[in-house]
1. Of the residues that sit in segment 204-224 and are among the polar types (S, T, N, Q) and not in a helix (DSSP H, G or I), which one is nearest to residue 190 (Cα to Cα)?
2. Go through segment 237-261 residue by residue and tally those that are within 10 Å of residue 278 (Cα to Cα), outside any loop (DSSP other than H, G, I, E, B) and among the small types (Gly, Ala, Ser).
3. So in segment 230-243, with the set limited to residues that are at pLDDT 95 or above and either open to solvent by 40 Å² or more (accessible area, probe 1.4 Å) or under 22 Å from residue 80 (Cβ atoms) (or both), which one is nearest to the chain's Cα centre (by Cα)?
4. Taking residue 196 as meeting all but one of (1) open to solvent by less than 10 Å² (accessible area, probe 1.4 Å); (2) more than 18 Å from the chain's Cα centre (by Cα); (3) within 29 Å of residue 150 (Cβ to Cβ); (4) free of Cβ contacts under 8 Å to residues at least 60 places away in the same chain, write down the number of the exception.
5. Could you give every pair whose Cβ atoms fall below 7 Å, whose first residue belongs to segment 238-263 and is among the polar types (S, T, N, Q), and whose second residue is modelled with pLDDT under 95, counting only separations of at least 6 or pairs across chains?
Amino acid sequence: MVSLVSILQNLLPSRCDTARQLVAVVSLAPFAIFGAPSAHAVCQLVAKAPFTAPAQDEVRVWNASLEAGEVQIRYIGHSTFELETPAGVRIATDYNDSVRPFLPPTVATMNGAHSTHYSLNPDPDIEHLLYGWNPQGGPMDHDLTIGDVRIRNIQTNIRGWDGENRRLGNSIFIFEVADLCIAHLGHLHHRLTQEDLTRLGQIDVVFAAIDNSSTLRLDSLMDVLRSIGPAMVIPMHFHFAGALPAFMGRAQEAGYEIVRAETPALIVSRSSLPVRRTVYVMMPGGA
């Protein structure tokens, strides 16, 4: 099994401050691109990640080789991503009991929509469990710094399976790290208010549920993305048949470049953000 000690020994201890400036510089790596013409830039891909079990007698040492100003994003599946920072902080979004990263994260965020977005049995080695809703009712506010990343949330309402409104049942989690602002919209069920958008601030990368069924319909989702205005949208939660092609079609109509990744992981930095708004399609595979 992969040694957590050996991994930590190879992580870079660098640290950098969060800033919110716009820089239109791009550097593209070999993706499979389809749809609109290339923006002449891509993010660096990680060819082999530590999410598969090692072969018998294999000794595996994995080094993310992150520089200051870089964040690694790995799509685990459904609405779970694993983020890794230059200082080695690992964050799992919508951590649950069905789809998980190979190693326990430093931080796990969860949402209360249903069981594929939270865990009843989280790994005891997780240092920080951040609930996106308050199980006792009322608000659940987070704003904390862990290593080189600031994590905060904005709560939104959701609908239950019975159609009834559940106030503050979801959180948008924002990760400020390596001069980037990354937002996970969670199980979003309504358009954002101006207050929500003001609290979000300038967002560079958005993880957005595109199922067009149990979360936002495409018309509302495209309105939300237009309001946020990220450089890169990474789709998630596309388990319904036809959801991904339908979203990509709407995104192309809205002027987004469509880029399809060759692996479920990438390294992104401010200098690699695309000049043209881009939908970056990652297939699940990091569990």
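1. Applying the filter and picking the extreme gives 215.
2. Selection size over segment 237-261: 1.
3. Checked segment 230-243; the qualifying residue nearest to the chain's Cα centre (by Cα) is 234.
4. Result: residue 196 passes all but (1).
5. Cβ pairs passing all conditions: 252/35; 252/36; 263/45; 263/46; 263/47.
Table: residues versus (1) in a loop (DSSP other than H, G, I, E, B); (2) at pLDDT below 90; (3) closer than 23 Å to residue 205 by Cα.
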site	(1), (2), (3)
83	no, no, yes
86	yes, no, yes
100	yes, no, yes
103	yes, no, no
116	no, yes, yes
125	yes, no, no
130	no, no, yes
134	yes, no, no
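The values are calculated or read from the model by the stated rules, or taken from the named source; none is laboratory data. Computed from a predicted structure; not experimentally measured. Glycine also receives a Cβ, built like all others from the backbone with ideal geometry; neighbour counts cover every protein chain displayed. When the accessible area is computed, the model is the full protein with side chains, heavy atoms only, and any ligands, DNA or RNA have been set aside. Shrake-Rupley method; radii C 1.70, N 1.55, O 1.52, S 1.80 Å.
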